[in-house]
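Working notes for the structure below.
The values are calculated or read from the model by the stated rules, or taken from the named source; none is laboratory data. The structure presented is a predicted model; accordingly, all values stated were derived computationally and were not measured. Please note: Cβ atoms are built from the backbone with ideal geometry, for glycine as well, and neighbour counts cover all protein chains shown. Areas reflect the complete protein model, heavy atoms only, side chains present, ligands, DNA and RNA absent. Shrake-Rupley method; radii C 1.70, N 1.55, O 1.52, S 1.80 Å.
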Amino acid sequence: MRRVLLAITGLAAGTTALVVLKGAPEASPVAQELSALRPSVVPSGPAPGRSAAPTPTSAASARATVTPKSHATRTPGFRTGTSARPTSAPRTTTTAPPKSTTRKVTGSVVSNEYGNVQVQITLSGTRIVDVVALELPQETAQSDRRSEEVDGRYSGTAGQVVRKQGTDLDTVSGATATSTSYRKSLQAALDRAR
């Protein structure tokens, strides 16, 4: 069995070498030099008890030599083998621009003779985008009305605080104490936001 395998292997190697050497009009000097240095591959005889059938290439394969693969020159960026393709470029990481974060900051509670005032600002980055009065005086009908005037003028997305982006607000007539307390709580919120 070993002899049969050796015979088949030798025959295949010899046929391949013959095709390679006979396929080119002239063998390269390297192939000629290697074939002179290497011994010929000769298939062994038939297995005991079997007769060998003559094949047209058996005589040629007995004289053929196996040539080793030539070593290809490696080109940087390419892999050698059956399919050469460039290596992938290094990945570049792009950083997305920082998103504008919205945050809320609450000012301190400021008391006056009519009650407490506390405001909360909403910031987008460093810009004031909204103001809400969390607490305003509402003990009497008159203080409630004045608080509504202050809240209506200063608070909200279209109020003076958003338009002026600070505490430089016009005092509401008749509600000086509430206007002053509102500005103080607003300033406390701005100080905390920094």
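So is residue 147 over 19 Å from residue 104 (Cβ atoms) and touching a Leu at 6+ places or on another chain (Cβ under 7 Å) or not? The answer is yes for residue 147. Taking the listed residues 150, 162, the one that is of a type in the set (A, V, I, L, M, F, W, C), assigned to a helix (DSSP H, G or I) and within 18 Å of residue 122 (Cβ to Cβ) is 162, with no other qualifying.
Restricting the stretch 179-188 to residues that are open to solvent by 10 Å² or more (accessible area, probe 1.4 Å) and in contact (Cβ under 8 Å) with a residue 60 or more places away in the chain leaves a set whose member that is farthest from residue 108 (Cα to Cα) is 180. Inside the stretch 165-194, residues that are of a type in the set (Ser, Thr, Tyr) and assigned to a loop (DSSP other than H, G, I, E, B) make up a count of 3.
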